[in-house]
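Take a look at the structure set out below.
Values in this text are rule-based calculations from the coordinates and carry no lab data. Values in this document were obtained by computation on a predicted structure and should not be read as measured data. We place every Cβ from the backbone using ideal geometry, glycine too, and count neighbours over all the protein chains shown.
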Amino acid sequence: MAVEQQMIFTPSGRLPAARTGVLTGFAPSTLTLPAGFRVAPQLLPIPVDIVFEKDVAVRLRDGVTIHVDLFRPVGDEPVPVVVAWSPYGKGQGTSASVMGVFAMVGLDNGIVSGLEKFEGPDPAYWCARGYAICNPDVRGVVDSEGNSVLWDRQEGRDCHDLIEWLAGQPWCSGKVGMSGTSYLAVSQWFTAAEQPPHLAAINPWEGVSDVYRDLVMRGGMPDTGFARQLQEGSFFGAGLKEDILAEAERYPQMNALWENKIPDFCKIAVPAYVVASYTNTLHTAGTFRAWRRMASQDKWLRIHNGQEWPDYYDEDNREDLRRFFDRYLKGVDNGWESTPRVRYSILDLHGGDQVGVPADAFPPAGFVSTRFYLDGAARVLSTRLPSAGVEVGYAVDSSPNAVSFIARFDEETVMVGYPKAHLWVEARGADDMDLFVLVQKLDAYGTPLQQFTVPNQNARIHDLTDHGASVLRYKGSDGRLRVSARHLDDELSTADVPAHTFDRVEKLVDGEPVEIEIDLLPIGLAFRPGEQLRFVISSANLLGPLMPGIREYAGANSGRHVIHTGCSRASYLQLPIRKS
């Protein structure tokens, strides 16, 4: 069945008041904003005069017209332009919704001008440095025509057309880049894969790269809480919008629809400055996957130690990005190529993180994938294979509905890379299992160590993150798998990162153990002598929802879960350990 026949659409709606900003109203015009202009009192004044072209019509290849806002420096010299592609209304920078998000994470709204798109580059900064910014309302959003889609190759084709239109404008130098976080990062994978001739560089700053595996069916489980928030809280317009929730219900296995929502990584060849973190339970896996698989020979990876919004608007990080864009959008010979191909962080969860550690690759040289075997008798992790086979388990409706294993480190131990779990499991009284796994750091006394990823650490953020809002508080590297979806994809899997096909259902037989692999989020973690690592296996969603206010997924479990350890059914946790 063709992708178009599999897609499901539902009526959209007009932009709600909370997502309406000062510049939302449709008013095609051109004006000059003078230096010192503020779009709202609490926001940053612009430092230079800026030409503002509002609601400019751009016709796409299929005849659909979208509208864009353009911000550029005053003057006759052609400049490069940076595109911020997302369904978030181009005039929402002053909306109550956006300013409320900044307040939640502890960012002062005064660090931006309000002219920027949510999660996108700020014209106040970039125009002052000789760049234009293009904020589009994409297909089907606000006043743009058509029906909107969520993260697929249609968006790549649409943005291709916009880029080529921009390159032909008399004020443009012919060089176009892309930047932004989250949705604005994902759209860059799809656009770059379409290879628009005038796209010169991209800057994806954390974003999923496989809608099935990262957003709606992580581990083969229909955990659609954030997909619902994304679908119902965005894509406002006069037409229809894609109903990804209905699609996930109708097509629970990988098919052409979901394949269309994976970029063609081998066609991403432009210079790329990719930013990732270990701590974002939505974006981390996808960002690392895209960075690994993209074909570009000129790609750089920086792994920070916090949440993406504070990181994106940090002054030093913006200057770093400007050096990248100056090199590839302006042709400045500034030595960017000598930047380490990888700059990674090592978390210690005591406030002494290492950031900007240079390397040539990820995982860096010197880190070796090491098996820590589960010992069901002693409940420890050991690099020695237990000689005796021991079963451990739990009833899924009891407390605790988990088993864990601990390793204590006698010397400083650093791990950077890709963890995975290789387990022998069995369901008794059921034909399937939803398994959740977590790697935690404990101090020398057994207390779990955690770390906020945002500046806000007040009582309210504690309440939000005690269980849930996992992108705001890091509690360890997690993974999950519905065991009937255990079939591995031989082409995509590596020795460190298992990947599942998700194209079949292989139910369990009572009394017959099966062998599975679970990928956990990449990790960068240091342990001091005496500190401990705890590995948890559970039928419960250990971290809760990834953002505040979204529905929590409950595993589809019953009966008793059994984990086999030792001897011929040796389960292990594989960790990337630095060798001296």
Where a ≥ b ≥ c are root eigenvalues of the Cα gyration tensor, a/c under 1.5 meaning rounded, otherwise prolate if a/b exceeds b/c and oblate otherwise, the range 3-339 counts as rounded
Ordering 228-236, 327-335 by per-residue average of other C-beta atoms within 10 angstrom, highest first, gives 228-236, 327-335
Ordering 128-134, 552-558 by per-residue average of other C-beta atoms within 10 angstrom, highest first, gives 128-134, 552-558
Simple SL model, points at 7 angstrom along Cα→Cβ for Glu391 and Asn317; separation in nm is 4.8 nm
The local net charge around Pro455, scoring Lys/Arg +1 and Asp/Glu -1 for residues other than Pro455 whose Cβ lies under 12 Å from its Cβ, equals -3
Given Cβ charges of +1 for Lys and Arg and -1 for Asp and Glu, the option among Ser338, Gly356, Tyr278 whose Cα lies farthest towards the positive end of the dipole of the chain is Gly356
Once Lys and Arg are counted +1 and Asp and Glu -1 for all other residues with Cβ under 12 Å from that of Leu435, the total becomes -2
Expected unfolding gain across Ala378-Arg341 under the 0.36 nm per residue rule, minus the alpha-carbon gap, is 9.1 nm
For the range 3-339 the mean separation of alpha carbon contacts under 8 Å (6+ apart) over residue count, i.e. relative contact order in percent, is 18 percent
Sorted by chain and then number, the residues having a modelled amide H within less than 5 Å of the amide H of Thr453, at least 5 places away or on another chain, are Arg473, Tyr474
For Met433, Met99, ascending order of other Cβ atoms within 10 Å (fewest first) is Met99, Met433
In this structure, the FRET efficiency calculated for Thr30 and Leu492 from their beta-carbon separation, with R0 = 45 Å, to the nearest 0.05, is 0.40
Between Val355 and Ala556, the FRET efficiency computed from the C-beta separation at R0 = 35 Å comes out, to the nearest 0.05, as 0.30
Once amide hydrogens are built 1.01 Å from N within the peptide plane, the residues lying 5 or more places from Asn541 or on another chain with amide H under 5 Å from its amide H are Gly555
Expected unfolding gain across Ala17-Ser568 under the 0.36 nm per residue rule, minus the alpha-carbon gap, is 192.2 nm
Restricting to Cα pairs under 8 Å and 6 or more apart, the percent relative contact order of the chain works out to 14 percent
Helix 284-293 sits off the longest principal axis of the Cα atoms of the chain, rounded to the nearest 10 on a 0 to 90 degree scale, by 80 degrees
Answer in debye to the nearest 20: the dipole magnitude of the range 1-157 about its Cα centre, from +1 Lys/Arg and -1 Asp/Glu charges placed on Cβ, is 160 debye
Note to self: C-alpha centroids of the range 460-531 and the range 52-88 sit apart, in Å, by 41 Å
For the range 496-526, listing GluC sites (Glu not before Pro) in a DSSP loop whose Cβ sees at most 15 other Cβ atoms within 10 Å gives Glu506
Taking the dipole of the range 367-578 about the Cα centre (Lys, Arg +1; Asp, Glu -1; charges at Cβ), the one of Ser484, Gln532, Ala421 that reaches farthest to the positive side is Gln532
Tilt, helix 183-193 to longest principal axis of the chain (alpha-carbon atoms), in degrees rounded to tens, equals 80 degrees
From fewest to most C-beta neighbours within 10 Å, the residues Lys267, Lys117 line up as Lys267, Lys117
The size of the Cβ-based charge dipole (Lys, Arg +1; Asp, Glu -1) of the chain about the Cα centre, to the nearest 20 debye, is 520 debye
Given [x] 78, 51, 45; [y] 76, 59, 39; [z] 69, 56, 51 as possible values of Cα extents along the principal axes in Å, the one from the coordinates is [x]
Yeah, the range 44-189 with a ≥ b ≥ c from its alpha-carbon gyration tensor (a/c under 1.5 is rounded, else prolate when a/b outruns b/c, oblate otherwise) is oblate
Tilt, helix 315-329 to longest principal axis of the chain (alpha-carbon atoms), in degrees rounded to tens, equals 70 degrees
Most packed first (mean Cβ within 10 Å per residue), the peptides 2-8, 468-474 order as 468-474, 2-8
With -39,500 (n - 2.57) per DSSP H segment of 4 or more residues and division by the full residue count of the chain, the 222 nm estimate, nearest 500 deg cm²/dmol, is -5000 deg cm²/dmol
